[in-house]
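The structure under discussion appears below in the form of structure tokens.
The values are calculated or read from the model by the stated rules, or taken from the named source; none is laboratory data. Model, not experiment: these values are computed from the prediction. Here the Cβ positions follow ideal geometry from the backbone for every residue, glycine too, while neighbour counts run over all protein chains shown. For the accessible areas, the whole protein counts, side chains as well, though only heavy atoms, and no ligand, DNA or RNA atoms are used. Shrake-Rupley method; radii C 1.70, N 1.55, O 1.52, S 1.80 Å.
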Amino acid sequence: MMDHMFYLSAIWIFLLGLLGAIRSKNFIHLCICLAIIQSSTYILFLGIGFRVNAPAPVFVNLPANIKTVDPVVQALMLTDIVVESTVIALLLSLSVQIHKRTKNLDPNLLTIMKG
Amino acid sequence: MNLIPLIIALPLLTSSVLIAFGSFMQRRLIEGVSIFINIIICWMCFKLLQMTAEGPVVYWFGGWVPHEHVATGISFYVDRIGAAIALMVSILTLGSLIFSWKYFREIKGYYHSMIFIFLSSMCGFSLSGDLFNLFVWFELMSATAIALCAYKSDELSSLHGALNFAVINTVGAFLSLTGIGLIYARTGALNMAQLAVSLSSTSFNFLILTAFLFISCGFLVKAAVVPFHFWLADAHAVAPTPVSVLFSGIMVELGLYAVARIYWVLFSSPFETHQIKIQLLFMAIGVITSVLGAIMCYMQRHIKRLLAFSTISHIGLMVIAFALLNHKALQGLVLYWIGHGFIKAALFILVGILLHAFESVDEYELRGKGVELNGISFLFFTATFALGGFPPFLNFIGKSLIDEIATALHLNWLSWIFILSEGLTAGAILRVGLRVFTRLGVISPILQEEPFSQNRPSDQPVKGGEESETRKLISKIPKAMIFPAILFLALAITPHFILGFSEQVEKAAVEFIQTDTYIKKSLGEKVVINHFHHRETPKVHVEEKKRLVLSHQVVLIFIILITGLFGLWVVPAIFSSKSIFTFPIRKMGSFLHILHSGQIGDYLTWFTLGVALFGGYLSFF
């Protein structure tokens, strides 16, 4: 069970973020729930790359053939942070614009797109 | 060989120059530079397509070529289909930029730079050979699409539509990323050729199934198939017309392209034993999407939303073609894709011309206003029948190939699904055309009290007096707006008449399916691969095919005309009557409208339900 803690917590956080996004009554809360879902993918990837008792992948004083923690997933996650921060910034700016026009942030009160 | 990174780098460079100096440039200069650079990109994509005639081209970024047949870098794998998609993207962007020249009253440099980033990311998406790189281009494409969709940020409905689009696509992308993580955990590779080598020696197990499910559900959200389709109608209704052209013409179909690429390169070998299950799943998804899209299309009053639902319906047909998992069906799919993309783009441009001239996209408000626009109405009716699948157009040829395979596999009812959805969607557009360009039809709302009034193009002044717009109007429609529509309709016919086109498409389809070509080109000839098969085409008699096609065509014309004409008089009568006999139709109509509620929570709930259902079906049956 403890071996699989990474994966279980990633699943739990994904579902929690999704539930929060579904039941959200505030656009800012919705964007933060998306950031929570994003965190679950970070936990998953970093858990995949982790090795017990392995050093960080900085090869200054280490021999070249030692097994370190996987650097590829760390690079993937840094890329992903940059990409997703753009998207969340866009969403937040759209929320600010909606607040400017309607003075409230409730997604359920926007009923323009019916049908 | 250096052409490939240049296709990605040049639009990004142009967009940075336009952002930096856009405020000092005159509008003419910005437009001129954009169109000029876009023509250069079209030419480069065409050269790329010519380069792939001898076989796929692989480019390793930064010179990180494979070391002892193991991939160590990021590659772009350019085969015929990838290069053709990049060419189609650049032609559609060119038409959209020419249209936006006269469409926007006032514009700064950042619209054009976003269009160039959008162009670059779509080209990168179609050419990429690395799974995470595919994801990054996907996210970049989504981010610029959100920004372009919300371009008219002074209107509340634009913001709402863009938010719906953004949230559901972002959640889908995160699901896709989870799937990529699972695949990386199993194989340790991200390059698609390397993954194919690793996965070919793995047998079917639950982890690979879950990874496939997650990755394809993320891309199917972009492709707008049924439980995930709600965002598309909202996004199309509020995006400016040149942007809707790009959305419907190519962006949505790229989701299906990603699923097809991932299935054939990575998963066709481990899923060999369970292929029938996957085919059944995609077939069911495709059928439900096309039928539901067609019904919802018919019930719309906002013309752009109507066209968006018709895109959903046609994507459903393309998913059915993919589910047949056959190289001839794939050939038909490619032709259908090209035909549908260009015709839908032309239809959006024509609707944009109507919006520019009359400041409305409401079917009832526009009733009878286009009576004097003879040229536009001719183009509109041509596009309507083209969308329904008529002989010289490419989507007819694609559809007949798909029908041929369906009949050979004893799935004759698929032809009827095609006829039903194409008939309903083309009938709905015919109804709109008849209402706008002639004065036929009764006005009475089909269950929608009033569409949201998101009608004015940006910065257009409100029309004051009622001058008789008719005679002056024709000279008022700029040539720059009509030219892209004619270009796109012409491009939906002419490729068929280019010498050697059909053979190239057939070779392209065969190449797409063969995974070992993919691996050998990327990693070198001496790679060790374990077991690959590819399906053979069942043979079909030629005479039988011609007879089938003719009778189906007649039924299709009949359905289009009947649904178009019915929509003018009979359907409004049904929906405004109170009798017990029309009760089921009215109830079903209102139920479908309530389902598409516009609330993000509902969309996400359907998303979760859809993923759970697909996963449950694949795991337990």
Check your understanding: Does A:Ser9 meet the test of being open to solvent by less than 80 Å² (accessible area, probe 1.4 Å) and under 21 Å from B:Leu604 (Cβ atoms)?
Key -> no
Check your understanding: Can you tell me how many residues in segment B:555-605 are at the interface with chain A (Cβ under 10 Å from one of its Cβ atoms) and aliphatic (A, V, I, L, M)?
Key -> 5
Review point. Going by the conditions given, is B:Ser126 assigned to a helix (DSSP H, G or I) and within 11 Å of chain A (Cβ to nearest Cβ)?
Key: no
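One line per residue, one yes/no per condition, for (1) open to solvent by less than 20 Å² (accessible area, probe 1.4 Å); (2) at pLDDT 85 or above; (3) not basic (Lys, Arg):
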position	(1), (2), (3)
B:Leu379	no, yes, yes
B:Thr382	no, yes, yes
B:Leu424	no, yes, yes
B:Ile443	no, no, yes
B:Ile446	yes, no, yes
B:Gln460	no, no, yes
B:Gly464	no, no, yes
Practice item. Determine whether segment A:18-38 contains at least one residue that is hydroxyl-bearing (Ser, Thr, Tyr) and surrounded by 15 or more Cβ atoms within 10 Å (Cβ to Cβ). Key: yes
Check your understanding: For segment B:571-621, how many residues are closer than 25 Å to B:Asp234 by Cα and of a type in the set (A, V, I, L, M, F, W, C)?
Key -> 17
**Study point:** Odd one out for B:Leu209 among (1) of a type outside the set (Phe, Trp, Tyr); (2) within 24 Å of A:Val96 (Cα to Cα); (3) modelled with pLDDT of 90 or more
**Key:** (2)
Check your understanding: Out of curiosity, is A:Leu110 modelled with pLDDT under 85 and either more than 24 Å from the chain's Cα centre (by Cα) or more than 7 Å from every other protein chain (Cβ to nearest Cβ) (or both)?
Key -> yes
Review point. Considering only segment A:82-95, how many residues are open to solvent by 60 Å² or more (accessible area, probe 1.4 Å) and within 7 Å of chain B (Cβ to nearest Cβ)?
Key: 1
Point to revise | Count of residues meeting criterion [within 27 Å of the chain's Cα centre (by Cα), facing chain A (nearest Cβ under 10 Å) and open to solvent by 10 Å² or more (accessible area, probe 1.4 Å)] in segment B:176-210 | key: 2
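Rundown of residues vs (1) farther than 29 Å from A:Thr68 by Cα; (2) facing chain B (nearest Cβ under 9 Å), yes/no style:
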site: A:Met2; (1), (2): no, no
site: A:Leu8; (1), (2): no, no
site: A:Phe14; (1), (2): no, yes
site: A:Ser24; (1), (2): yes, yes
Check your understanding: Taking segment B:153-163, which residues are surrounded by fewer than 24 Cβ atoms within 10 Å (Cβ to Cβ) and at the interface with chain A (Cβ under 7 Å from one of its Cβ atoms)?
Key -> B:Ser153, B:Leu156, B:Ser157
Exercise for review: Please indicate, with yes or no, whether at least one residue in segment A:101-112 is open to solvent by less than 60 Å² (accessible area, probe 1.4 Å), under 18 Å from A:Lys25 (Cβ atoms) and in a helix (DSSP H, G or I).
Suggested key: yes
Revision key, fill the gap. Counting only helices (runs of 4 or more DSSP H) entirely within segment B:255-368, those with at least 3 residues that are away from chain A (no Cβ under 14 Å), surrounded by fewer than 23 Cβ atoms within 10 Å (Cβ to Cβ) and touching a residue at least 12 places away in the same chain (Cβ under 8 Å) are B:275-298, B:327-358
Practice item. Name, by its number, the condition in (1) open to solvent by 10 Å² or more (accessible area, probe 1.4 Å); (2) not in a helix (DSSP H, G or I) that does not hold for B:Gly389. Key: (1)
Exercise for review: With the condition kept exactly as written, say whether any residue in segment A:49-69 is within 8 Å of chain B (Cβ to nearest Cβ) and either outside any loop (DSSP other than H, G, I, E, B) or over 16 Å from B:Leu159 (Cβ atoms) (or both).
Suggested key: no
Check your understanding: Which condition number does B:Glu106 fail, the rest of (1) away from chain A (no Cβ under 14 Å); (2) under 27 Å from B:Ala492 (Cβ atoms); (3) open to solvent by 30 Å² or more (accessible area, probe 1.4 Å) being met?
Key -> (2)
Point to revise | Odd one out for A:Ala56, checked against (1) surrounded by 14 or more Cβ atoms within 10 Å (Cβ to Cβ); (2) in contact (Cβ under 8 Å) with a residue 12 or more places away in the chain | key: (1)
Revision key, fill the gap. Result of the Cβ filter at 7 Å on segment B:546-559, keeping first residues that are modelled with pLDDT of 80 or more and partners that are in a helix (DSSP H, G or I) and buried (at least 17 other Cβ atoms within 10 Å of the Cβ), at least 6 apart or interchain, is B:Val555/B:Ile419; B:Leu556/B:Ile419; B:Leu556/B:Glu422; B:Leu556/B:Gly423; B:Ile559/B:Ile419; B:Ile559/B:Gly423; B:Ile559/B:Gly427
**Study point:** Condition broken by B:Gly368, with the remaining ones in (1) closer than 19 Å to B:Ala485 by Cα; (2) out of contact with any Pro (no Cβ under 8 Å at 6 or more places or on another chain) satisfied
**Key:** (1)
Review point. How many residues does segment B:563-600 contain that are surrounded by 17 or more Cβ atoms within 10 Å (Cβ to Cβ), assigned to a helix (DSSP H, G or I) and not aliphatic (A, V, I, L, M)?
Key: 8
Point to revise | Long-range neighbours under 6 Å by Cβ, at least six apart or interchain, first residue under 20 Å from B:Leu182 (Cα atoms) within segment A:10-32, second in a loop (DSSP other than H, G, I, E, B) | key: none
**Study point:** Flag if A:Ile98 is at the interface with chain B (Cβ under 7 Å from one of its Cβ atoms) and part of a helix (DSSP H, G or I)
**Key:** yes
Study note, to complete from the structure: Residue set B:Ala237, B:Ala166; condition touching a residue at least 40 places away in the same chain (Cβ under 8 Å), within 10 Å of chain A (Cβ to nearest Cβ) and either buried (at least 24 other Cβ atoms within 10 Å of the Cβ) or within 20 Å of B:Leu618 (Cβ to Cβ) (or both); output residue B:Ala237
Exercise for review: Scan B:Leu92, B:Leu140 and give me the residue that is crowded, with 24+ Cβ neighbours inside 10 Å and in a helix (DSSP H, G or I).
Suggested key: B:Leu92
Check your understanding: Name the pairs: first residue in segment B:137-152 and within 9 Å of chain A (Cβ to nearest Cβ) and more than 14 Å from B:Cys123 (Cβ to Cβ), second residue open to solvent by 10 Å² or more (accessible area, probe 1.4 Å) and polar (S, T, N, Q), Cβ to Cβ under 9 Å, at least 6 apart or on different chains?
Key -> B:Glu139/A:Thr86; B:Ala143/A:Thr86; B:Ala150/A:Ser93; B:Ala150/A:Gln97
Check your understanding: Would you call B:Phe228 surrounded by fewer than 24 Cβ atoms within 10 Å (Cβ to Cβ) and either more than 11 Å from every other protein chain (Cβ to nearest Cβ) or touching a residue at least 60 places away in the same chain (Cβ under 8 Å) (or both)?
Key -> no
